[in-house]
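Below: the structure, in structure tokens.
The values are calculated or read from the model by the stated rules, or taken from the named source; none is laboratory data. Keep in mind it's a predicted model, so treat the numbers as computed, not measured. Ideal geometry is used to build each Cβ from the backbone, glycine not excepted, and the neighbour counts take in all protein chains shown.
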Amino acid sequence: MSSETDDEDILAHVLLPVAHEADALATATALEPYGPANVTALHVVEKGGGVPDKTPVEQSEELAEEAYAAVRSVFPNTGEHTAYGRDVVEKIFEAADEVDASAIAYRSRGGNRLMQFLSGDISVKLVTQANRPVIALPREEES
């Protein structure tokens, strides 16, 4: 991408990583005001890599379908991409390459410092290791 990338180029095809239905709806809703031309929702099914999976694959795929439906309620023509692996950030980057995304948009899932440390702080990895623009969407304060 050139250094003269404008907002329209960045929003040409946005990859939107989502975890579950509620997260997908909140993330899509946060992206909506920016008017992306194309959106591909991504759900990463975390595989254990030699240890038991967090959830059975069938259950994870069901969560993905629910998440995709939530994104489609905001962006009806949303593409779907499901990835399988242990390193979520690596899978996000691979998916961005596979779908030729112009940017990755995400909404931080929050959590305390300990949870961020234990998870490897996905947000930090996303914004410091990406090979394309990363858009951090605002979070609505929960009451």
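For region 120-136, the tally of residues that are among the small types (Gly, Ala, Ser) and over 12 Å from residue 107 (Cα atoms) stands at 2.
Among the residues of this structure, residue 97 counts as one that is within 19 Å of residue 132 (Cβ to Cβ), without any contact (Cβ under 8 Å) to a residue 60 or more places away in the chain and acidic (Asp, Glu).
Please work out if residue 79 is in contact with a helix residue (DSSP H, G or I) (Cβ under 8 Å, 6 or more places away or on another chain), under 23 Å from residue 130 (Cα atoms) and at pLDDT below 95. Give the derivation first.
Values: in contact with a helix residue (DSSP H, G or I) (Cβ under 8 Å, 6 or more places away or on another chain): yes; under 23 Å from residue 130 (Cα atoms): yes; at pLDDT below 95: no.
The answer is no for residue 79.
Restricting attention to region 19-72, the residues that are in a loop (DSSP other than H, G, I, E, B) and modelled with pLDDT of 95 or more add up to 4. For region 102-129, taking the residues that are within 13 Å of the chain's Cα centre (by Cα) and part of a loop (DSSP other than H, G, I, E, B), the one that is modelled with the highest pLDDT is identified as 108.
Filtering region 33-47 to residues that are free of Cβ contacts under 8 Å to residues at least 60 places away in the same chain, closer than 18 Å to residue 92 by Cβ and either surrounded by fewer than 17 Cβ atoms within 10 Å (Cβ to Cβ) or not basic (Lys, Arg) (or both) leaves 38, 39, 41, 42, 43, 44, 45, 46. Scanning region 73-87 for residues that are assigned to a strand (DSSP E or B) and surrounded by fewer than 19 Cβ atoms within 10 Å (Cβ to Cβ) returns 79, 80, 82, 84, 85. In region 16-32, of all residues being without any contact (Cβ under 8 Å) to a residue 60 or more places away in the chain and touching a helix residue (DSSP H, G or I) at 6+ places or on another chain (Cβ under 8 Å), the one that is nearest to residue 84 (Cα to Cα) corresponds to 18.
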